Amino acid sequence: MFRVLVVDDDPTLRLSVSSALSENHYLVEQACDGEEGTNRVRSGDFDLVLMDVNMPRLNGIEALKEIKAHDPSVIVIMLTAFSNIRDAVQATKEGAYDYLEKPIKSENLVYIVDRALKAHSMVKSMSYSAPVFKLPNGTDFIGQSSEMKQIFDVIDKLSRVDTAVLIRGESGTGKELVAQALHFNGPRKNDRFVTVNCSAIPETLIESEFFGHEKGAFTGADSRKIGKFQYADGGTLFLDEIGDISPAMQVKLLRVLQEKKFTPVGSNREIEVNVRIVAATNRHLEEMIKKGEFREDLFYRLNVLPIQLPPLRERKKDIEALCQYFIEKFNTRYSKTISGLSAETMAILKAHNWPGNIRELENVMEHAFVIETEKEISVSSLPKNLAGLATSLEAADDSSDEDSDEDIDLTKVAAGIRISTGAIPLGEDGKGFKLDISRLDFQANKEEFERQFLISALKAFKGKINQTAMHANIPKKTLLRKLEKYGINARDYI
């Protein structure tokens, strides 16, 4: 449930706004001025703040700046009298999502709050398809690679301007979600977002679909129809699979981008249109240009600031967080209480190449939810093509471990434990490893360190062999052999 903070020095208005939102299932708290409001945001976890512009101690504009400096992901909507519209517009430039004029009607209030939180949720969903996005000025949701931060820095900038955008990436990487994020967090958010799948429209109908037609313009045109460009006027038109349109259609599309006007099929009148174009493709447009299949001038018109979404196989470190996101999503949909995945299941998901990207992972997780009857998703709940990977992984593990008393790679192990649990003291007493100076024997001290490290790892993961092996980067068979060697019983640490 979303948490909302209402900040206003008028107690009657605070009460009416709070009541309207509470009736629509929001958790609402109140603050009497900007200073109290900023303090509440610092100490609490709010999704949205409704705040007056003129307040004692700290006005709304200054409070907005402090809230955004503390947590840029908090959505702020300003409340203002008609005479203070200029201040409200200034607030939007400082990061406010929108503003409401007083007196406030409850239906308008609930509508704009619902829309703002929908945009917030959309960006969060999009962040799992392409893992880092900052809303509106910057908050990391998922993924920490420098490449992704660069990509979403571009998205953050593009959401504030009106230039055409070309989104590129394989099928299933989240191109449409990025387009929606650009629209719903930009200056056109109050107008339409219209999607056209260019590959799904027959060549004979695509001009009519784009620009509309007059009655009798062609066989079957029994009435006048407006096209997607006119329908999206003032908003955003998302052209998915732009690489699939014909060269003839590309010429007409280029004219609309350049001149902001078009002529419906069968008409002599020109229609001016104000629409932002966001296009997407999974095709290699540069190769198509060389073959004469795609216009170079249209490519450069769209490719001002391209966004290239990476496939899932290039960011497998995000798979755990993606899975957790889908677990929460499908627990709600199927009324289940699944808590996570087994270590073996996670190992299989990380080993898979994911040709279908995020869409394939979501389908796999939904398949597992339908099949699974326990609290943890097991290998047996995965589709057959993935479950078959378990045998391959076991064979690879056997060949790497085969009868060797290999040493544990302590650098990798320490990194794995540190990432998973935070720094942990080594040994049974938690005081750390002590070097025996009186016996400067490398092998003896190395073995003592290994023994203490294994004890600490088992403690961290409550004696669970699979969890310890996975998070500490130790092959399971190697771990079992070391435990036997040092006489360590995992059950002692459950």
Of all accessible heavy-atom area on segment 173-286, the percent that carbon and sulfur account for (1.4 Å): 45 percent
Size of electric dipole in segment 297-347: Cβ of Lys, Arg +1 and of Asp, Glu -1, about Cα centre, debye, nearest 20: 100 debye
Which of Q258, T195, A217, positive extreme of dipole for segment 150-263 (C-beta unit charges): Q258
Whole-percent carbon and sulfur share, accessible surface of segment 6-60, 1.4 Å: 46 percent
Segment 11-73, relative contact order in percent, only Cα pairs under 8 angstrom and at least six apart counted: 29 percent
Cα centroid of segment 1-37 to Cα centroid of segment 211-285, whole Å: 45 Å
Whole-angstrom gap from segment 47-74 to segment 164-205, using each part's C-alpha centre: 32 Å
FRET efficiency for E296 and K215, using Cβ-Cβ distance with R0 set to 51 Å, rounded to 0.05: 0.85
Cβ crowding within 10 Å averaged over residues, with 102-113, 363-374 ranked highest first: 363-374, 102-113
Filter on K375/K464; K65/K260; K93/K317; K375/K462; K102/K189; K68/K118 - keep pairs with C-alpha separation over 27 Å: K65/K260; K93/K317
Probe 1.4 Å, accessible area per residue of segment 231-377, Å²: 47 Å²
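The values are calculated or read from the model by the stated rules, or taken from the named source; none is laboratory data. Every value quoted in this text rests on a predicted model; they were computed, and no experiment measured them. Cβ atoms come from the backbone with ideal geometry, glycine included; neighbour counts cover every protein chain shown. Side chains are part of the model used for accessible areas, which takes the heavy atoms of the whole protein and leaves out ligands, DNA and RNA. Shrake-Rupley method; radii C 1.70, N 1.55, O 1.52, S 1.80 Å.
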